[in-house]
Amino acid sequence: MALRIGVIGAGMIGSWHARILSETGGGVLAGVCDSNRALAEAVAGPLGARAWAAPERFFSEVGMDGVVIASPEVVHGDHVEMAAAAGVGVMIEKPAAPDTAGVRAIMETVARSGILAMVGHVERFEPGSALLRDAVAEGVCGQPVAIMARRQFGRAGAEKYAASSTLRILAVHDFDLLRWVHPASVSEVHAVGGQGVLHATCGLHDHVVTTLRFADGAVGAVESGWTLPPAYADFERPTGWQGAGNNRLDVYGTDGFVSNDMSLRHQPLVAFDAREGFRAAGIRHQPVIHGRVQGALAAEIVHFAQCLGTGATPIVGLEDALRAVALVEAAERALALGQPVRPEV
């Protein structure tokens, strides 16, 4: 019998999750919930699913095996509580909570109820990221000495994140990757922010550089920015292409290095015409091929469904989420204080 999986939060990422669930053969889209009923209906209707506006009714009426929590992180804890009360497994979009206290509260809810919990750190489902991690674990580069990550996009549309931060939107991916690739504890975090057009218009740092010192002597650096020029990152055609970022992950060790160019995501598409000139397609996590969503985001949902069905341990758990959120907290604190800080985890 197919698993019934719902989605709460019908924004950009929630709508992708809902579409994937409607397309995969491993589950059924049980319903979509959003406090904005019109938004929930706009996502659910074309997929043949029902929409809800009240989370309480959603969890009590749908009859789900699992739910993807793609609502704002400030209410993730509330929605996990509702899922736990209904005995429904959860996949929580990142960040799992606004702070480490919130993640710990979710951990307590999950432990008390015994439901399955997974966190949506989608980078772990990208082939390049996973294979780099495996190569480092195999000892290809020896003992890691320096781990460098960059995640850089154009600034178009970034102002919608003004209530959050560049670190929470971009760096959280790479904080998780660094701790996954090199699981040593972090003893010190520092961050400095570049202030450009975005900062002047909405207070969001245009570019942040975070440095980490690991307890075993290794160092890490994470660049997070909205500083690619519009001509590189933003275009209208070809339909369905997304602007490429300038993203990569490098691990340098005592015996060599391993590198992953994450900009074009193993899909080196380029186009040139008289109207928009040269542009590269960064397919990112959800390429639509022959009318169906594929890639890492779909693999993430399939993994969640498999874990629900078999009881297997998810690749990304709440302990991983706690470490990533702790680094976000530390980096934001260091950015505000102008000095290095020690992370909580």
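Miscellaneous remarks
- Pairs with Cβ under 7 Å, 6+ apart, first in region 131-153 and farther than 27 Å from Gln242 by Cα, second of a type in the set (S, T, N, Q): Gly142/Thr254; Gln143/Thr254; Val145/Thr254
- Taken over region 203-222, the residue count meeting the criterion of being under 10 Å from Pro144 (Cβ atoms) and either hydrophobic (A, V, I, L, M, F, W, C) or in contact with a Phe, Trp or Tyr (Cβ under 6 Å, 6 or more places away or on another chain) (or both) is 3.
- Within the set Arg151, Arg112, the sole residue that is among the basic types (Lys, Arg) and outside any strand (DSSP E or B) turns out to be Arg112.
- Hits in region 108-130 - residues which are closer than 14 Å to Asp250 by Cα and touching a residue at least 40 places away in the same chain (Cβ under 8 Å): Gly128, Ser129
- Considering region 24-46, and only residues there that are part of a helix (DSSP H, G or I) and surrounded by 18 or more Cβ atoms within 10 Å (Cβ to Cβ), the residue that is farthest from the chain's Cα centre (by Cα) turns out to be Glu41.
- No other residue among Arg37, Arg19 is farther than 20 Å from Phe304 by Cβ, in contact (Cβ under 8 Å) with a residue 12 or more places away in the chain and of a type in the set (Lys, Arg) apart from Arg37.
- For region 171-228, a residue qualifies if it is in contact with a His (Cβ under 9 Å, 6 or more places away or on another chain) and over 24 Å from Arg155 (Cα atoms), and the qualifying residues are Trp180, Leu212, Arg213, Phe214, Asp216, Ala218, Gly220.
- Matching entry among Pro343, Pro287 (being without any contact (Cβ under 8 Å) to a residue 40 or more places away in the chain and surrounded by 20 or more Cβ atoms within 10 Å (Cβ to Cβ)): Pro287
Readers should treat all values here as calculations from the given coordinates under stated rules, not as data from a laboratory. Predicted model, so just to flag it, every value in this text is computed and none were measured. Please note: Cβ atoms are built from the backbone with ideal geometry, for glycine as well, and neighbour counts cover all protein chains shown.
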